[in-house]
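Accompanying notes for the structure given below.
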Amino acid sequence: GFGVRVDFLVAFTFAHGCWEWPTWRVVRDIVKPATMGGRCRYATLPSVRQYFGEATVFMSHAWGAGWGSLVLAARLGASPTRHVWIDRFAVRQWPGNAADLDFRGVIRGCVALVIASPVVSRIATTSIEWRTQHKDLKSLLDKLDSDMKGVLFPFRLWCIVEIHAAIAYGLHIIVRAGNATCIREDGVITGVLNNTENAAQMLE
């Protein structure tokens with residue numbers, strides 16, 4: 001019952017101006033301060049509880065990636081009243097949350113798993129060169145620094161576990177790669193576009 005409604009997710013992101021933040025900062029600067037009093041899940045706060053319900057889609061993503069990319073992956077092609085499961089809202093972000101960390105039961109209750117990935121242009125360009133020059137993956141991985149690995153789902157063990165569970169339970173698995181590109185007028189974000197340039201090359 002802790003899936004966030006997509007229209008609230010978009011409104012939340014505009015209200016806090018966090019389209020271009022990494023996900024870990026959303027937790028540090030918004031979720032944890034809001035839940036500090038009772039050390040509860042964000043989804044159970046009385047002020048927002050009405051916007052949470054039974055999730056049908058599980059969102060898989062890396063903490064180092066942009067929050068906006070996750071929001072757009074959840075929103076594109078979806079009904080605004082769809083509920084998606086995002087760990088930052090559904091899991092207690094405080095010590096003693098071990099019981100929250102087995103997501104397989106939640107995944108089993110969903111119909112699809114959506115993997116949100118940013119597009120890292122340097123990796124997309126490198127992968128094109130690598131395909132023509134090398135036969136082993138290690139040559140490509142050696143070129144990636146830890147920051148890059150921190151934003152891409154194949155390097156996050158949690159994502160691998162989530163994908164494995166989705167396969168085991170027969171869910172549809174969708175990868176949505178793109179970056180939240182903000183439209184600004186007088187310094188105010190008035191709209192957001194999904195920049196997918198080089199997404200296919202990077203994923204390959």
Long-range HN-HN contacts of Ile173 with modeled amide H, under 5 Å:
Leu113
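Among DSSP beta bridges whose residues both lie in the chain, state the antiparallel percentage, nearest 5. Could you put the intermediate results ahead of the total?
Numbers: 12 of 24 bridges.
That works out to approximately 50 percent antiparallel.
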Classify the range 10-58 from the C-alpha gyration tensor, please: rounded if a/c falls under 1.5, else prolate or oblate depending on whether a/b exceeds b/c.
oblate
Once amide H atoms are placed 1.01 Å from N in the peptide plane, what residues at a sequence separation of 5 or more from Gly178, or on another chain, have their amide H within under 5 Å of its amide H?
Ser117, Val119
Top of Val57, Val91, Val48 by mean-square fluctuation, Gaussian network on the chain, Cα under 10 Å:
Val48
Specify the residue with the greatest mean-square fluctuation among Gly38, Gly109, Gly187, computed from a Gaussian network of the chain linking alpha-carbon atoms under 10 Å apart.
Gly187
Just Pro22, Pro33, Pro118 to compare: in a GNM of the chain, with alpha carbon springs under 10 Å, which one fluctuates most?
Pro33
Check Phe2: other-chain or 5+ apart residues with amide H under 5 Å from its amide H, H built from backbone geometry?
Ala55
Sulfur and carbon atoms: percent of accessible area, the range 40-90 [1.4 Å]:
54 percent
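So, for the chain, what is the accessible surface per residue at a probe of 1.4 Å, expressed in square angstrom?
Values: 10290 Å² over 204 residues.
It amounts to 50 Å² per residue over the chain.
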Could you give the size of the charge dipole of the chain about its Cα centre, using +1 on the Cβ of each K and R and -1 on the Cβ of each D and E, expressed in debye and rounded to the nearest 20?
460 debye
Any idea how far the Cα center of the range 145-204 sits from the one of the range 42-112, in Å?
15 Å
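Kindly identify the chain as rounded, prolate or oblate by the Cα gyration tensor criterion: order the square roots of the eigenvalues as a ≥ b ≥ c, call it rounded if a/c is under 1.5, otherwise compare a/b with b/c, prolate if a/b is larger, else oblate. Please report the intermediate quantities before stating the final value.
Working: a/c = 1.76, a/b = 1.37, b/c = 1.28.
It is prolate, given that a/c is not under 1.5 and a/b is the larger ratio.
The values are calculated or read from the model by the stated rules, or taken from the named source; none is laboratory data. It should be emphasised that the depicted structure is a prediction, and the values quoted were computed from it without experimental measurement. Cβ coordinates were reconstructed from backbone atoms using ideal geometry, including for glycine residues, and neighbour counts include every protein chain displayed. Calculation scope for accessible area: heavy atoms of the full protein, side chains included, ligands and nucleic acids excluded. Shrake-Rupley method; radii C 1.70, N 1.55, O 1.52, S 1.80 Å.
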